[in-house]
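Asks: Submitted below is the structure of interest, expressed as structure tokens.
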Amino acid sequence: MTEPVFQRERPTRAYVLHPDLKAQDARRMPEHRLAEAVSLAVALPMLEVVGAEVVRLPKPHAGHLFGTGKLAELKERLAEAEVDLVLVDGPVSPVQQRNLEKEWGVKLLDRTGLILEIFADRARTREGVLQVELAALSYQRTRLVRAWTHLERQRGGLGFVGGPGETQIEADRRAIDDQVVKIRRQLAKVVKTRELHRAARRKVPFPVVALVGYTNAGKSTLFNRMTGADVMAKDMLFATLDPTMRGITLPNGRKVILSDTVGFISELPHELVAAFRATLEEVLEADLILHVRDVAHPETEEQAADVGEILESLGVAEDVALLEVWNKIDALSPSLRAALLAQDARREEVQAVSALTGEGIEALYAAIETRLGEERFDEALILPFEKGRARAWLHEQNVVRSEVETEEGWQLEVNWAASQRARFRAL
């Protein structure tokens, strides 16, 4: 990975720009997008945000993103504020980045680069660190800008007798590709270990309840409230990056595994969607998903739509039970709060809570108990070979945990509910 841009004694003075393009998603207000970008910047400890603004753009300029007039106006503003770093909330091509840095005399990061910096700062587990490195290398590879002249490029031919610029870029690409291969090998080992842990956990008859939601929705605060754990929970985007799991006992005595996950965000860079799919595997295998929403946020509906789209893209099965947890009701005005609690009372799939104060948590536990349905338990079975139909039924029910063929028949370990056991006895 490249050296972080923020390692200096004094805070890096940052200025946030949100280019408001006509073709952008109309669901989001540009002012709210800018506020989210500022929150992203504040999530890095060594950044001091000294200014932020929305820049209206009819269309992006190919070489500089911004037009000539706006370019000069911003240069003056950045110089006055003694800015070290400009954060552009959107994609910036390698050529645009190089030209803007040269024009303004500052370091520049686009949205993807900023999110990568945050992920690098937050990742704690071995897998998380490797996934960040992989995503950063993929991003860095696209930043290798061809800086040589037109004649050097002409002379380059197939690259065997190319100019010095081409030779250096190809060497850099090979170095990055070699590093990617190494990290993928290391990841394969880590993922294999995690798969073994998950396989062992599948044998434990505890259902998995996964918390998902837009970043900063309060998932980690809710996780801490429910488990008594001390997971990092701050009013900050991407406070949690690595999945955290804890066992909890519900009021009815049933044990479940609660999983806290990385927060979702709109327009998550594609490098990170791929890289962090592994950290969301717990969601793919969950028995129940709790979609935590910040109902006090002005764009809570848009955030919920983004989460829904990401869950769909991850391939989360439609038959996985899902509860919406409307969090931060303590931050609502009395009238809004009353209206929301009235909706909560009418809809079984919604639970209104305050993870901060604990209000609504008992009702949430009861809803989880209802959604998970019957308790499951382990049992050992021996089936003679002539009971092939009964064996097939067990596999159809997806209750078989292990199976060994012996001289007498099949020896099976199953994990099932009492109703499944009763139906099996009736076969």
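Asks: Identify the single condition in (1) basic (K, R); (2) closer than 28 Å to S138 by Cα; (3) surrounded by 15 or more Cβ atoms within 10 Å (Cβ to Cβ) that K59 does not satisfy, given that it satisfies every other one.
Replies: (3)
Asks: From the residues in the stretch 225-259 that are assigned to a loop (DSSP other than H, G, I, E, B) and of a type in the set (K, R), which one is modelled with the highest pLDDT?
Replies: Restricting attention to the stretch 225-259, the residues satisfying the condition of being assigned to a loop (DSSP other than H, G, I, E, B) are 228-243, 250-254.
Of the ones still in play, those that are also of a type in the set (K, R) are 234, 254.
Working: K234: 52, R254: 81.
That would be R254.
Asks: Next question. Name the one entry in E324, E349 that is within 20 Å of L258 (Cα to Cα) and more than 21 Å from the chain's Cα centre (by Cα).
Replies: The match here is E349.
Asks: Please pick out the residue among L222, L211, L116, L187 that is buried (at least 16 other Cβ atoms within 10 Å of the Cβ), modelled with pLDDT of 85 or more and assigned to a helix (DSSP H, G or I). Even if it seems obvious, please write down each step before you answer.
Replies: On the way: L211 fails: assigned to a helix (DSSP H, G or I); L116 fails: modelled with pLDDT of 85 or more; L187 fails: modelled with pLDDT of 85 or more.
Checking each option against the conditions leaves just L222.
Asks: Do we have any residue at all in the stretch 69-78 that's surrounded by 13 or more Cβ atoms within 10 Å (Cβ to Cβ), within 29 Å of F119 (Cβ to Cβ) and either in contact (Cβ under 8 Å) with a residue 60 or more places away in the chain or of a type in the set (S, T, Y) (or both)?
Replies: Checking the stretch 69-78: at least one residue is surrounded by 13 or more Cβ atoms within 10 Å (Cβ to Cβ), within 29 Å of F119 (Cβ to Cβ) and either in contact (Cβ under 8 Å) with a residue 60 or more places away in the chain or of a type in the set (S, T, Y) (or both).
Asks: Can I ask one more? Taking the options A305, A274, A342, name whichever one is hydrophobic (A, V, I, L, M, F, W, C), surrounded by fewer than 18 Cβ atoms within 10 Å (Cβ to Cβ), at pLDDT below 80 and not assigned by TED's automatic domain parsing to the domain that holds G113.
Replies: A274
Asks: Restricting to the stretch 308-329, what's the tally of residues that are in a helix (DSSP H, G or I), without any contact (Cβ under 8 Å) to a residue 40 or more places away in the chain and surrounded by fewer than 20 Cβ atoms within 10 Å (Cβ to Cβ)?
Replies: 4
Asks: Quick check on this structure: which one of V38, V42, V49, V54 is surrounded by fewer than 17 Cβ atoms within 10 Å (Cβ to Cβ) and of a type in the set (A, V, I, L, M)?
Replies: Answer to the check: V42.
Asks: Also, I was wondering about something else. From the list A352, A422, pick out the single residue that is touching a Phe, Trp or Tyr at 6+ places or on another chain (Cβ under 6 Å) and either assigned by TED's automatic domain parsing to the domain that holds P251 or loosely packed, with under 12 Cβ neighbours inside 10 Å (or both).
Replies: Of the residues listed, the single one that is touching a Phe, Trp or Tyr at 6+ places or on another chain (Cβ under 6 Å) and either assigned by TED's automatic domain parsing to the domain that holds P251 or loosely packed, with under 12 Cβ neighbours inside 10 Å (or both) is A352.
Asks: In the set R202, R194, R153, which member is within 26 Å of I115 (Cβ to Cβ) and at pLDDT below 80?
Replies: Sole residue among the options that is within 26 Å of I115 (Cβ to Cβ) and at pLDDT below 80: R194.
The values are calculated or read from the model by the stated rules, or taken from the named source; none is laboratory data. Owing to the predicted nature of the structure, the values given are computational and were not obtained by experimental measurement. In this analysis, Cβ positions are derived from the backbone assuming ideal geometry, glycine residues included, and neighbour counts consider all displayed protein chains.
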